[in-house]
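For reference, the structure discussed in these notes is given below.
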Amino acid sequence: MDLDPVEYVLIEFPGNQFRGDIAPAIAELVERGLIHIIDVVFVSKAADGEVTWFEYDALDEGQAFAMIEGDADGLVNDDDIVEMAADLTPDSSALLIVWEDTWASALGRAVRDAGGRIVAGERIPHEVVEAAFAGIDD
């Protein structure tokens with residue numbers, strides 16, 4: 001299988017305030033051919049720390065994701081979810097989404113064709129970037 005780079009994001013909604021409002025933005029990325037959805041899981045962490053999760057079609061709030069083209073076929077396993085949920089604040093919900101970065105197709109092919117491989121990478125949270133720029137003296 002020759003996939004473009006794949007990444008995941010875990011988006012937390014404090015106070016279990018997930019309503020599916022971000023689905024149109026994700027759908028736009030899919031429609032523009034920038035990403036391809038591989039998996040979508042909704043995660044909830046109770047005030048006592050108990051973690052539960054559901055596929056997107058098990059929740060009313062997840063119905064907005066049903067219209068987004070993709071696989072969403074259970075690639076993420078239970079151990080992955082439990083490990084990622086450790087970073088969630090108690091009494092919160094989260095969207096765990098895995099997608100293929102189709103926008104990076106040419107780069108991925110070039111790296112593989114050159115005999116290279118990506119060995120590390122990380123999405124830098126918005127707050128960290130803001131703080132770093134705020135600390136730069138002009």
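The values are calculated or read from the model by the stated rules, or taken from the named source; none is laboratory data. The shown structure was predicted, so the numbers you read here are calculated from the model rather than taken from an experiment. Note: ideal-geometry Cβ built from the backbone for every residue, glycine included; neighbour counts use all protein chains shown.
Results, tabulated for the structure shown:
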{"read-out": "Qualifying positions in the stretch 10-29 - exposed (fewer than 11 other Cβ atoms within 10 Å of the Cβ) and within 14 Å of the chain's Cα centre (by Cα)", "value": "25"}
{"read-out": "Among residues of the stretch 30-56, those that are in contact (Cβ under 8 Å) with a residue 12 or more places away in the chain and among the hydroxyl-bearing types (Ser, Thr, Tyr), counted", "value": "2"}
{"read-out": "Qualifying positions in the stretch 85-116 - of a type in the set (A, V, I, L, M), part of a loop (DSSP other than H, G, I, E, B) and surrounded by fewer than 11 Cβ atoms within 10 Å (Cβ to Cβ)", "value": "86, 114"}
{"read-out": "Residue ID - farthest from the chain's Cα centre (by Cα), chosen from residues in the stretch 87-121 that are within 30 Å of residue 48 (Cβ to Cβ) and charged (D, E, K, R)", "value": "91"}
{"read-out": "Within the stretch 30-62, tally of residues that are outside any loop (DSSP other than H, G, I, E, B), of a type in the set (A, V, I, L, M), at pLDDT below 90 and over 17 Å from the mean Cα position of the chain (by Cα)", "value": "1"}
{"read-out": "Out of 119, 76, 82, sole residue that is modelled with pLDDT under 90 and either in a helix (DSSP H, G or I) or out of contact with any Phe, Trp or Tyr (no Cβ under 8 Å at 6 or more places or on another chain) (or both)", "value": "119"}
